[in-house]
Amino acid sequence: MITNTDRSGWFGGSDSSMVVSKNRSTKTFKQWWAVKMGEQEPDFKGSVYTDAGNKYEHLILSSVSEEMNLDRQIVIDKLNLRVNYDGDLRGTIYEVKTHKAEKEFEVSKQYWRQAQVEMYAYKESYDDFKQLYIVSYPLYPDEYYTEQEIVVDPSRIKFTPIKYDKHFIKDEYLPELKYLARCLRKGRVPT
């Protein structure tokens, strides 16, 4: 798991929906921008759900392959883009999402956008890109709170392939990212 939680000065894959947001006058956007400018600490401190996801992430990926690269980071300075990968192996990216077992996992628009940015950054940095999978793993209520050794059940792992959408990146994401990166470097609030 990535240990540097300072999000100021950089845009990450999980910021993709905020980057393409058309409504920049909301309280949520203003708070997000203040974090990017280093003027405010993020107000999300985690929860039992995110803590469990962090505990399971490496174990899930290790059960996929012992050779998995964990927590690789790609930085594209000119865009103030810093993308953290849960796992990757021989050109395939694995983005882990744990979820409540009582609900079937669905790829949200936010997850889809995050995956697009992860694929874009990888393709910009390496020439062996093959595929991105969202790796979903259901957790039962007692698994969120367990203090015992965690055991991953490989039969519960689901792989959802995400197709790269170059039009989203080229026409929607990159123009907004470039604009926000300029604003960030100049210390301006985007309009």
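The values are calculated or read from the model by the stated rules, or taken from the named source; none is laboratory data. Because the structure is a prediction, the values reported are computed rather than measured. Note: ideal-geometry Cβ built from the backbone for every residue, glycine included; neighbour counts use all protein chains shown. These area figures cover heavy atoms from the full protein model, side chains too; ligands, DNA and RNA do not enter into them. Shrake-Rupley method; radii C 1.70, N 1.55, O 1.52, S 1.80 Å.
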- [ ] Give region 119-151 a look and list any residue that's acidic (D, E), part of a helix (DSSP H, G or I) and more than 26 Å from V48 (Cβ to Cβ), or say none.
- [x] E124
Task: Count of region 7-38 residues which are without any contact (Cβ under 8 Å) to a residue 60 or more places away in the chain and in contact with a Ser or Thr (Cβ under 7 Å, 6 or more places away or on another chain) - done: 3
- [ ] Please enumerate the residues belonging to region 121-143 that are open to solvent by 20 Å² or more (accessible area, probe 1.4 Å) and aromatic (F, W, Y).
- [x] Y126, F129, Y133, Y140
Task: Qualifying positions in region 166-187 - farther than 23 Å from Q131 by Cβ and charged (D, E, K, R) - done: E176, K178, R182, R185, K186
Task: K158 vs. criteria without any contact (Cβ under 8 Å) to a residue 40 or more places away in the chain and either open to solvent by less than 50 Å² (accessible area, probe 1.4 Å) or within 18 Å of the chain's Cα centre (by Cα) (or both) - done: no
